[in-house]
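Scroll down for the structure; my scribbles are underneath it.
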Amino acid sequence: MVRWRLTAVGVNLLLGVPGVVPAWLVWYVLANGPFADAGWTVREPTENDGMMLWLIVVVPVVAVFGIIRWLVNEPLGRRAALDARLYWPACVLLSLVPTGALVVGSYV
């Protein structure tokens with residue numbers, strides 16, 4: 001059982017590496033759309049194509065990544081024998097570790 005939990009940790013950290021792409025795409029859409037409208041961020045000055053084009057790109061990428069994560073983690077979650085209320089949030093946080101490392105690294 002412990003082996004499956006460690007496997008789940010490693011798999012979700014590895015899934016976080018390509019997960020940087022959907023995280024960046026979601027941030028880009030939010031930063032240039034609703035966050036810029038609210039005054040929290042500054043809109044990218046060269047972004048003049050509109051947000052529909054970005055949504056056409058972002059939605060499939062995020063959906064494919066989410067489906068892959070679910071297909072990988074569903075059997076791992078059963079084998080790890082953890083409660084789903086603990087397992088799935090841990091999976092999301094572990095998948096965000098590479099993105100967080102890149103964000104911190106960009107400021108250092």
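The values are calculated or read from the model by the stated rules, or taken from the named source; none is laboratory data. Because the structure is a prediction, the values reported are computed rather than measured. Cβ: placed from backbone, ideal geometry, glycine included. Neighbour counts: every protein chain shown.
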Worksheet item: What tally of residues in region 38-62 results from selecting those that are closer than 19 Å to Ala23 by Cα and in a helix (DSSP H, G or I)?
Response: 12
Worksheet item: Which one of the conditions (1) surrounded by 15 or more Cβ atoms within 10 Å (Cβ to Cβ); (2) modelled with pLDDT of 90 or more; (3) out of contact with any helix residue (DSSP H, G or I) (no Cβ under 6 Å at 6 or more places or on another chain) does Val92 fail to meet, given that it meets all the rest?
Response: (1)
Practice prompt. Scan region 3-23 for residues that are free of Cβ contacts under 8 Å to residues at least 40 places away in the same chain and either over 18 Å from Pro89 (Cα atoms) or crowded, with 17+ Cβ neighbours inside 10 Å (or both) and jot them down.
Written response: Arg3
Discussion item. Can you tell me how many residues within region 89-108 are over 12 Å from the mean Cα position of the chain (by Cα) and farther than 21 Å from Arg5 by Cβ?
Written reply: 8
Discussion item. Please go through region 23-49 and give me each residue that is under 19 Å from the mean Cα position of the chain (by Cα) and either of a type in the set (A, V, I, L, M) or modelled with pLDDT of 95 or more (or both), ordered by number.
Written reply: Ala23, Leu25, Val26, Val29, Leu30, Ala31
Discussion item. Looking for something in a loop (DSSP other than H, G, I, E, B) and over 24 Å from Gly100 (Cβ atoms) - is there at least one such residue anywhere in region 69-81?
Written reply: yes
Practice prompt. Report yes if some residue within region 35-47 is under 25 Å from Gly66 (Cβ atoms) and surrounded by fewer than 13 Cβ atoms within 10 Å (Cβ to Cβ); otherwise report no.
Written response: no
